[in-house]
Structures are given as C-alpha cells and as structure tokens.
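> What follows is a structure written as structure tokens; I'll ask about it next.
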Amino acid sequence: MINPGLGNLYRLTSAKSRSITAENPTGEPGKGGMALVDPNDAAHPARELGQGWKVRPSIDIEPGEQVVIAEIDGPGIVNHMWMTTFPEAWRHLILRMYWDGEKEPSVEAPIGDFYCNGWGERANVSSMPISVNPAGGFNCYFQMPFRKSAKIVIENIGFDKRMFFYQIDYVLTEVDESAAYFHASFRRENPVSYMAPYTIVDGIEGKGQYVGTYAAWQVNSNDWWGEGEVKFYMDGDREFPTICGTGTEDYFGGAWNFEQSKGQYGEFSNLYHGLHQVLKPDGLYRANQRFGMYRFHVPDPIYFESELKVTMQALGWRSGKRFLPLQDDIATVAYWYQTEPHRPFKPLPDRNGLEVI
C-alpha cells in the first residue's frame, strides 16, 4: 500500500495511476478525451476543432437525478477528488460514496458542506485534507482505500438542472490489512433543542479513528456564542465522555472568542484549523451572523476501539454572568475512518431542511 508524501515521492511502486472525469468516465487507460462533437453544432466551442478538444468537460444533472460519476474495481485508493458547480447548488447536490459493494453509503453529505462550504457563499480553505480555491474549486485529499470496489454518486435534490465538473484521481494498488474505510456524515439542527447538546455524529460502531469536523453555525441571539464544550464519548462512555474540550473556539484552534481586534473576528485558515468564513448580517435582507469552521485531526486522530459519539454544546451568555443554552442553526460534517460494516446514517433532512434561508 503506497503512502504518498514529500518524503516518499522518490520511491518506485507497482501502483497504476488512473483518473475519472467527464472526458474519461471509466478511467480506462488511453480512453481520455474521446468524446465526439458534431461539427455542425454551432453552439459547441469545439465544433471545428473536433475530437480531443475539450468536448465533454462536464455533465448536467437533472432535478431528481442520481448520477454515478465513478465505478472502480479494486483494490485501490482514491487520493484526490476535485469538483465544482455553482454555489446555489451546494446544499442540493448530495455526495455519496460506497465501498466494496455496500448498500448503505459510507459518505453522505451535501457537496458544499463536505468541502467546508455550507452557506452557499464561496470561502477559500487552506487545510491539508480539504482545499477550496478561487472560485469554488473543491479539493479533497483524504486517502480512501477500498479492496473490491468504489462507487461515487451525485444526486440532485433541487429544482434546477445543474452543470457539474469533477475529477477523481486514484491508484490501483494492493491495500494493507490495517487500512480502514473513509466515512463522512452530515447533520443539521435548525434550531438546536434547548438545553440539549448538538450531536455531530453518533452510532459509530467498530474500530477506527475520528479525523475531522466541519461546522456551519448561524447565531440566533446576541453576544458570544462559543462557550460550549466538544465531547468525545467512546468505548463504553455513557454519562461522561473520555475527552472533553474547553470551548467551541478552542476546539477549532482559536481562543478568546476568535476576537482578533476589538469587535472583529479574526478569520484564518491553516493546515488543521480554520474560522474561514464570517458572514455578517449587512444589507437589506440578511439576518444573523454565520460562521464556517473546521478542525482536522491529522497529527492527532481520536482513536476508538468499538464505538464513538461526538457532541458539541451551543452555549452563550445571559444576564448575571450566566451561561445561556442557545437554539442556533448548526450543520456539521464528521470525518472518520473505521472498519466495516458500519451502521446506517441518520437520514438527511429533506430539501427544505437542507436549504440555506
């Protein structure tokens, strides 16, 4: 099993590189750029250039349609995924990924949230596993090993046809016995229940490691909102967790309310932490502050032997220097690796429940 990185780039391997795009939907060697164009099609930009000149760089996904964008026979590893579409589609294009013929997806999330852009407005991300670049270029570098097969599906649950670009880069190679399977799961509560913690993920059963959290957070009250603790319940924990953080902004790598200067949030994006999006309620129709944050446990995975649940309190301040349980709009994506089989995820919200309003 290969392990790409700057320290291993010089090593020879028997792995075979492949790539799936709209120009080569099967990833077969020597089969890229073969789409044909009608030279009489006056609307096509490659009409007089012909085959091989960017004839099919994207696909259209109709409302209600599910498109299998990749089917790969293993063993192998997905090393990189690049995707892009327009922001208004980010909550209504659903990404699902299946390993080794499983019936339930191991990855299920709106495409925007999966790439740490949940609010339908572009925000660049400069982390190690997720990189988002101008203008809406989504990149994922989580390695995703599979032994028998991999399937990647995009579903359009919106009302409009969507243009979709993608590239799935993978290698065909042996997969080590110790390799676990990549998972990602989306949740949203709008609003969060009063006096109850927000659940980032639960029901994880098996052995593995938790590797990241993205949160899209809308604040529905005044004053600071991030006093809540992030908690990891694992391997028999019930009332109290094994890992309990010190505050929301602390978990996401910041401190002291993310306040860079008096009255100003300090936006940042680095390899493992970010408050990369701060949307202020300016203009005639925008209400409430909105934030995008991530924390990737690349050098410090959270290891579990048999089960895991992750929660986050929504906690602010009220009069008399007392904490206020908040009822905010919070959506998250949890990222982890585990042995299979996995328990089916909690169903996604419907179209209205996903909508950014």
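The values are calculated or read from the model by the stated rules, or taken from the named source; none is laboratory data. Predicted model, so just to flag it, every value in this text is computed and none were measured. Because the Cβ atoms are built from the backbone with ideal geometry, glycine has one as well, and the counts that use them run over all protein chains shown. Please note that ligands, DNA and RNA were not included when accessible areas were found on the heavy atoms of the full protein model with its side chains. Shrake-Rupley method; radii C 1.70, N 1.55, O 1.52, S 1.80 Å.
> Of all accessible surface on segment 98-255 at a 1.4 Å probe, what whole percent is carbon and sulfur? Can you show the working numbers first?
Values: 2830 of 6110 Å².
Answer for segment 98-255 is 46 percent, counting heavy atoms of protein chains only.
> Sticking with this one: At 222 nm, what helix-only mean residue ellipticity would the chain give, in deg cm²/dmol to the nearest 500, using -39500 (n - 2.57) for each DSSP H run of four or more? Please list the in-between numbers first.
On the way: 3 runs with 12 residues, N = 357.
The helix-only estimate for the chain comes to -500 deg cm²/dmol at 222 nm.
> Post the alpha-carbon centroid distance, segment 176-221 to segment 231-278, in whole angstrom.
If we compute the Cα centre of each part, the gap is 14 Å.
> Which of the lysines could be linked to LYS309 by a straight reach, that is with a Cα gap under 17 Å, when you skip same-chain ones fewer than 8 residues away?
Excluding near neighbours in sequence, the set is LYS207, LYS231, LYS346.
> Within segment 51-76, name every residue whose backbone N is under 20 Å away from a label modeled 7 Å from Cα of MET34 along the Cβ vector.
Taking a point 7 Å out along Cα→Cβ of MET34, the residues of segment 51-76 whose backbone N falls under 20 Å are 51-59, 68-74.
> Under 23 Å Cα-Cα from LYS280, which lysines qualify once same-chain neighbours fewer than 8 residues away are excluded?
LYS280 reaches LYS262.
> Still on this structure, please answer the following. Please find the FRET efficiency linking ALA255 to ASN190, where r is the Cβ-Cβ separation and R0 is fixed at 35 Å, and quote it to the nearest 0.05. Working shown, then result.
Working: r = 28 Å, r/R0 = 0.79.
Between ALA255 and ASN190 the formula returns 0.80.
> Something else: Which one, HIS80, HIS44, HIS297, has the greatest fluctuation when you compute a Gaussian network model over the chain with C-alpha springs under 10 angstrom?
Maximum fluctuation in the GNM of the chain, among the listed residues, is at HIS44.
> Can you spot the lysines whose alpha carbon is less than 26 Å from LYS31's alpha carbon? Ignore those fewer than 8 places along the same chain.
Counting by Cα, and skipping residues close in sequence, LYS31 has these lysines nearby: LYS16, LYS54, LYS148, LYS151.
> Same structure, new question: Using DSSP, restrict attention to beta bridges with both residues in the chain and report what percent are antiparallel, rounded to the nearest 5.
Working: 103 of 106 bridges.
Percent antiparallel among DSSP bridges in the chain is about 95.
> Where only protein heavy atoms count, and the probe is 1.4 Å, what is the accessible area per residue for the chain in Å²? List each step's numbers first, then the result.
Numbers: 17460 Å² over 357 residues.
Solvent-accessible surface per residue comes out at 49 Å².
> Please give the length that would be gained between VAL67 and LYS54 if that part of the chain were fully extended, namely 0.36 nm times their separation in residues minus their C-alpha to C-alpha distance (nm, one decimal).
Details: separation 13, 0.36 × 13 = 4.68 nm, distance 2.09 nm.
Extra length from VAL67 to LYS54 when fully extended: 2.6 nm.
> Would you work out which of SER58, TYR141, ILE111 lies farthest towards the positive end of the dipole of segment 54-151? Charges go on Cβ: Lys and Arg +1, Asp and Glu -1.
My answer, from the dipole projection, is TYR141.
> To continue, here is another question. Can you give the accessible area of TYR303 in Å² (nearest 10), computed on protein heavy atoms with a 1.4 Å probe?
150
> Now for a different question. Whole Å is fine, so just give me how far the alpha carbon centre of segment 9-25 lies from that of segment 316-348.
So the two Cα centres are separated by 37 Å.
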